[in-house]
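Undergrad: The structure's right below; bear with me while I get my questions together.
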Amino acid sequence: MDALARLCRERGVVLISDEIYDAFVFPDGLDEQGRMPSPARNDPSVLVIRGFGKSYGCTGWRLGYAAGPAPIIDQMRKLQQFVYVCPPTPLQMAIPAAFEVDLSPVVASYVRRRNMVMEAFDGVAEVPRPEGAFYAWVRVPEELGLTGTALTELAMQANVIVIPGGVFSNADTHIRLSYATSEAKLAQGLGRLRAIFRGIDPEKVRE
């Protein structure tokens, strides 16, 4: 990431680092100091975006912040002041209490579920090992002859919801699944997906 930040700086491009899931970085994704890797640590020209909704279960509050070069922040402040002024004051007053919450049990639970995902697709599909958050990016095996969108439709027939990779890029070769659910539901869903990846009729998988 430092190399990317350096390249952007040399080309006069602002690097925006989306760190919304910074509280959910797993132990194997932390740097030597036990922190989430961020290009902003070594480059003050990086614009960092962070929020509280994902970390503390208050997504509807839409609270977050940006940190970066003063000229950029000044322009962002002007836009904020004349578009929506500020988030509701009671919400701003309430969010500091969230900092007292120990998120380590939550992170540990996501690590367990991440491991469930990796085990389920082992030998079935290519899945980069997530180092944080609660999503997995699963490649649809070429031998299935399916796009991510087509695989998503099959999954829906088995009552499993995933997101087609075509939503995120022009290469519709993957699906994104979330493991932000109970381990019991996750195990059931993974079992159905694994069967579909092996070519089993989704109608039979659902039974």
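Undergrad: Can you tell me the relative contact order of segment 104-206? Whole percent, Cα pairs under 8 Å, sequence separation 6 or more.
TA: Reported as a whole number, the value is 28 percent.
Undergrad: Moving to a separate point now. Sequence-distant or interchain residues sharing an amide H contact under 5 Å with SER17, placed H: which?
TA: LEU47, VAL48, ILE49
Undergrad: Taking the mean number of other Cβ atoms within 10 Å as a proxy for protection, how do you rank 55-67, 105-117 from highest to lowest?
TA: Put in order of decreasing packing, that is 105-117, 55-67.
Undergrad: Within 10 Å, count the other beta carbons around each residue, average over each peptide in 158-165, 97-104, and list them highest first.
TA: Those peptides, ordered most packed to least, come out 158-165, 97-104.
Undergrad: Between ALA70 and ARG129, how high is the FRET efficiency from 1/(1 + (r/R0)^6) when r is the Cβ-Cβ distance and R₀ = 30 Å? Nearest 0.05.
TA: Once rounded, the FRET efficiency stands at 0.20.
Undergrad: If you don't mind, there's one more thing I want to ask. For the chain, what does the equivalent ellipsoid look like in terms of its semi-axes, each the square root of 5 times an eigenvalue of the Cα gyration tensor, given largest first in whole Å?
TA: After diagonalising the Cα gyration tensor, the semi-axes are 36, 21, 18 Å.
Undergrad: How large is the charge dipole for the chain, taken about the Cα centre, if only the Cβ atoms of Lys, Arg (+1) and Asp, Glu (-1) carry charge, to the nearest 20 debye?
TA: That gives a dipole near 440 debye.
Undergrad: Which ³J(HN,Hα) values, rounded to whole Hz and listed in residue order, are derived for segment 124-139 from phi using the Karplus coefficients 6.51, -1.76 and 1.60 in 6.51 cos²θ - 1.76 cosθ + 1.60 with θ = phi - 60°, glycine and proline given as x?
TA: These are the phi-based 3J(HN,Hα) values: 10, 8, 7, 9, x, 6, x, 10, x, 6, 9, 10, 10, 10, 9, 7 Hz.
Undergrad: Work out, step by step, the length gained on full extension between GLU100 and ASP2: first 0.36 nm times the residue separation, then minus their alpha carbon distance; give nm to one decimal.
TA: 32.2 nm
Undergrad: When the convex hull of the C-alpha atoms of segment 2-100 is computed, what volume per residue in Å³ does it have? It would help to have the intermediate numbers written out before the result.
TA: On the way: hull volume 11.7 nm³, N = 99.
Roughly 118 Å³ of hull volume per residue.
Undergrad: Still on this structure, please answer the following. Quick one: Karplus J couplings for segment 174-181, per residue in order, coefficients 6.51, -1.76, 1.60, θ = phi - 60°, nearest Hz, x for Gly and Pro?
TA: Karplus values, whole Hz, x for Gly and Pro: 10, 10, 10, 10, 9, 10, 8, 8.
Undergrad: Still on this model: How long is the gain from ASP122 to GLN81 if the chain were fully straight, where each residue apart is worth 0.36 nm and the alpha carbon distance is subtracted? Let's see the in-between values first.
TA: On the way: separation 41, 0.36 × 41 = 14.76 nm, distance 5.03 nm.
Full extension from ASP122 to GLN81 adds 9.7 nm.
Undergrad: Additional query: What is the distance, in nm, between label points placed 7 Å from the Cα along the Cα-to-Cβ direction at LYS204 and at ILE161?
TA: 2.8 nm
Undergrad: Here's something else I'd like to know. Over segment 104-206, one equal point on each Cα, no solvent: what is log10 I(q)/I(0) by the Debye formula at q = 0.12, 0.15, 0.22 Å⁻¹?
TA: The calculated log intensity ratios at q = 0.12, 0.15, 0.22 Å⁻¹ are -0.35, -0.56, -1.19.
Undergrad: Leaving out same-chain residues fewer than 8 places away, which lysines sit with a Cα under 25 Å from that of LYS54?
TA: LYS185
Undergrad: Given the alpha-carbon gyration tensor of segment 52-117, what are the semi-axes of its equivalent ellipsoid in whole angstrom, ordered largest first, with each equal to the square root of 5 times an eigenvalue?
TA: Taking √(5λ) for each eigenvalue gives 31, 16, 11 Å, largest first.
Undergrad: With axes computed from alpha carbons, what is the tilt in degrees of helix 183-197 against the longest principal axis of the chain, rounded to the nearest 10 within 0 to 90?
TA: 60 degrees
Undergrad: Measuring from label point to label point, each 7 Å out along Cα→Cβ, what is the ILE16 to MET93 span in nm?
TA: 3.2 nm
All of the numbers you see were taken from the coordinates with simple rules; none came from a lab. Everything numeric here is computed off the predicted structure, so don't read it as measured data. Cβ coordinates were reconstructed from backbone atoms using ideal geometry, including for glycine residues, and neighbour counts include every protein chain displayed.
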